[in-house]
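Take a look at the structure set out below.
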Amino acid sequence: MLKKTKSRSRVSAAWFSAVWVLAACQSVPVQNDRPVELGYLENVAVQGFQTSCVASKLDTGADNSSVNAKIAQNWKDSDTGVEYVRFQLQSGDEVSDYITLPVERWAEIRGKEGRPTVTRPVVLMDFIINGKKIRGEVNLADRDHLSYDALVGRSMLIDRFIINPARKYMADSTSCPNPSYQKVALNGSHLRP
């Protein structure tokens, strides 16, 4: 009799667990967008560029994203107290029109190898990567001395993409404003997929 009771308890516990799991699954929306595999270098459509994509490094070691920007001015609206920054994006030979956006915050970026800390404005911008529009915080930086004009950090990658460090340019190129785009690095040389 004792064995039968234990058996019934196990069956009841298993049945209860199964019902609970089913109920939980029905109340939580199912996410059909699974992360997509991309390479560590990809072409990204960046808000502000009308004709081409920007050769970008997808960096899981960086918290946030960064774009090559030339800041013209920043100011605080005296009526609203909102701070704004006016800037131009630059990639290779292409320079965007002036863009004015509110500053979300200021980021303190520690310098490498003894370089001083710099403060950069952070704005909300849209990137399109592999056909997915992603809005996120982007710091505006002088990236002239770096290999790529844009860096896409974890905050824009997480739960959307899996980065394969052995691959490059795996994304769908139709995300770019001009389908016949060239992959342009900072120095104007063309990169090969």
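Quick note: the coordinates plus some simple rules give every number you see, no bench work behind them. For clarity, every value in this text was computed on a predicted model and none was experimentally measured. When we count neighbours, we look across all protein chains shown, and the Cβ atoms used for this are built from the backbone with ideal geometry, even at glycine.
Taking a point 7 Å from the Cα of Lys112 along the Cα-to-Cβ direction, the residues of the range 146-169 with backbone N closer than 17 Å to it are 146-154. 3J(HN,Hα) along the range 41-48: 10, 8, 8, 10, 7, 10, 3, x Hz, from the Karplus curve 6.51 cos²θ - 1.76 cosθ + 1.60 with θ = phi - 60°, whole Hz, x for Gly and Pro. Of the two radii for the range 33-175, the radius of gyration is 0.97 times the Kirkwood radius, both from the alpha carbons; that is the Rg over Rh value. Near the amide H of Cys176, within less than 5 Å, lie no amide hydrogens of residues on another chain or at least 5 residues away, with H placed in the peptide plane. When you filter the chymotrypsin sites (Phe, Trp or Tyr not before Pro) in the range 64-136 for DSSP loop state and at most 15 other Cβ atoms inside 10 Å of their Cβ, you are left with Tyr98.
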